[in-house]
Amino acid sequence: MIQQVGKGRYGEVWMGKWRGEKVAVKVFSTPEEASWFRETEIYQTVLMRHENIL
């Protein structure tokens with residue numbers, strides 16, 4: 001992770017590099033674990049398949 005680009009109620013967003021590409025990394029606060037699980041379920045749906053979402 002290179003630089004923090006945002007911070008909110010549920011965690012932080014960082015700019016990073018993965019396999020030589022710039023990426024956004026969302027880091028959830030530990031108390032917000034339930035929110036993290038809900039968000040991962042959304043990203044795993046067929047409608048959310050995209051080459052830029054890991």
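Where a number appears in this text, it was derived from the coordinates with a stated rule and is not lab data. As the structure is a computational prediction, the values presented were derived from the model and not from experiment. Cβ sites come from the backbone with ideal geometry, for glycine too, and all protein chains shown count toward neighbours.
Listing for the model above:
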| item | result |
| --- | --- |
| Computed label-point distance, nm, for sites TYR10 and LYS26 using a 7 Å Cα→Cβ extension | 0.5 nm |
| Span per principal axis, largest first, for the Cα atoms of the chain (Å) | 28, 27, 13 |
| Amide H partners (placed H, <5 Å) of GLY11, local residues excluded | SER29 |
| Net dipole in debye of the chain [+1 Lys, Arg Cβ; -1 Asp, Glu Cβ; about Cα centre; nearest 20] | 200 debye |
| Furthest towards positive pole of dipole, THR40, MET15, PHE28, structure part region 3-44, Cβ charges | MET15 |
